[in-house]
1. I'd like the residue in region 352-370 that is open to solvent by 30 Å² or more (accessible area, probe 1.4 Å) and either in contact (Cβ under 8 Å) with a residue 24 or more places away in the chain or polar (S, T, N, Q) (or both) and, out of all such residues, is nearest to W316 (Cα to Cα).
2. Evaluate the following for S110: is it open to solvent by 50 Å² or more (accessible area, probe 1.4 Å), modelled with pLDDT of 95 or more and hydroxyl-bearing (S, T, Y)?
3. Taking region 148-174 only, how many residues are of a type outside the set (S, T, N, Q), assigned to a helix (DSSP H, G or I) and either under 13 Å from the mean Cα position of the chain (by Cα) or farther than 30 Å from T355 by Cα (or both)?
4. Sort through Y99, Y84, Y80 and tell me the only one that's closer than 16 Å to M45 by Cα, open to solvent by less than 40 Å² (accessible area, probe 1.4 Å) and in contact with a Cys (Cβ under 8 Å, 6 or more places away or on another chain).
5. Report yes if some residue within region 184-207 is at pLDDT 85 or above, in contact with a helix residue (DSSP H, G or I) (Cβ under 6 Å, 6 or more places away or on another chain) and at negative phi; otherwise report no.
6. Within the set of pairs 6+ apart or on separate chains, which have a first residue in region 301-326 that is over 13 Å from D171 (Cβ atoms), a second that is assigned to a loop (DSSP other than H, G, I, E, B) and aliphatic (A, V, I, L, M), and C-beta atoms under 8 Å apart?
7. Please state which one of R314, R354, R321, R270 is part of a helix (DSSP H, G or I) and touching a strand residue (DSSP E or B) at 6+ places or on another chain (Cβ under 7 Å).
8. Which of the residues belonging to region 173-185 are in contact with a Phe, Trp or Tyr (Cβ under 8 Å, 6 or more places away or on another chain) and not polar (S, T, N, Q)?
Amino acid sequence: MDLSLYTFSLAISLPLMLFFGFHMIFARTPEKEIFSNYLLSRRLMGIALLILSANYSVHLIYGIRLKDVNATILMNLSTYFICYWLFSSAMTTLLDNRYITRKRFSHHVSMWIIFSATAMAVVFFIDNATVQSLVSGILALWLVAYGLTLSFRLLKTYRKAVRMFEETHSDDIESYIRWLSIFTYWALGYGVSCSLLTFLPDEYIFLWVLSSIPFYIYLYCCYQNYILFYEKVENAFNEDLAMAETDIEKKSTEHDAKDIPHHHPEIERRIREWKGREGYRRTGITINSLSMELRTNRTYLSEYINTTYNKSFRDWITDLRIEYAKRLMSQKPQLKIQEIAELSGFLSTSHFNRTFREKEGCSPVKWGDK
């Protein structure tokens, strides 16, 4: 093994991991009740980073890799097991504040204890190197399967949140949480690769250590950036959950779902009037606020939009805004893109440009030059 590369990689990674871990646990957040869930998520992530730091410390200080490769691999796998759950729990908590329960906590900790006990039994009670390697491989497969299960559950929760925002908010709330999806796919690839990289020959083991640096820098920066948008996202979550509970209560006292089509003509008339007033140009429209403005039931309105236009609420509002923007560009070519975006109801010029390109296949500037 190239000790200089091995030691150098650990010496670079360890201080970063310690800083990220302690900062995530102890750094202050705005003193508002709504940030309690964000703080819980960040602390879970900080604990995971400190556990990984402890693992790196054992490698750096005691040089365990030089003394017993199999014991080192099993220690790494046990560390990854508990960190996988902490990572996924921290991410999922940002999307579902009811995710952490005593039962779920006990279940996953018990699994980790069984996994670690098996690893320790291999180290202390099995002397045959071939058997040790075989059991290590089985544990690695168990770890990969565990990581895949947690990742798929997180992605399922993320997609559920995205669908909810698409059906209830005109603004692109998804853009604020997209990093969770990116991080999950990266974590999935990185987690699986770490389970395999730990088996690398000694001369390449520094790659396992160095590969963690960009991964955790990205994670730390995402958490720091998300605090700017967290309150808005959490308010959207709380509003949607509250309205969903209200809808459930109303369904027990109001008309059955089969009666909804009878309300379509009246909803159509009110929407036509609302479009005539260019109400879609107002930012921050939600399915709840629009249903109140149109004096109709949120469920009826959502069902009408989905069946009549075959679009989500957000896509429907976005299309109305894009069409208005196109009319503005045709009628008033002297207007700047920033002005058009603002007049059309978009939150920012960048959001307008990205959305316009997705819908029309070209930028607003190119479309205006046609």
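1. By that ranking, first place goes to K359.
2. Yes: the conditions hold for S110.
3. Qualifying residue count for the region: 13.
4. Residue meeting the stated conditions: Y80.
5. yes
6. L301/L294
7. Being part of a helix (DSSP H, G or I) and touching a strand residue (DSSP E or B) at 6+ places or on another chain (Cβ under 7 Å) holds for just one of R314, R354, R321, R270, which is R314.
8. Step one: filter region 173-185 for residues in contact with a Phe, Trp or Tyr (Cβ under 8 Å, 6 or more places away or on another chain), giving 173-174, 176-177, 179-181, 183-184.
Correct list: I173, E174, Y176, I177, W179, L180, F183.
The values are calculated or read from the model by the stated rules, or taken from the named source; none is laboratory data. Quick caveat, the model's predicted, so the values are computed rather than measured. Note that we place each Cβ from the backbone using ideal geometry, even for glycine, and neighbour counts take in every protein chain shown. The area values use the complete protein model at the heavy-atom level, side chains included, leaving out ligands, DNA and RNA. Shrake-Rupley method; radii C 1.70, N 1.55, O 1.52, S 1.80 Å.
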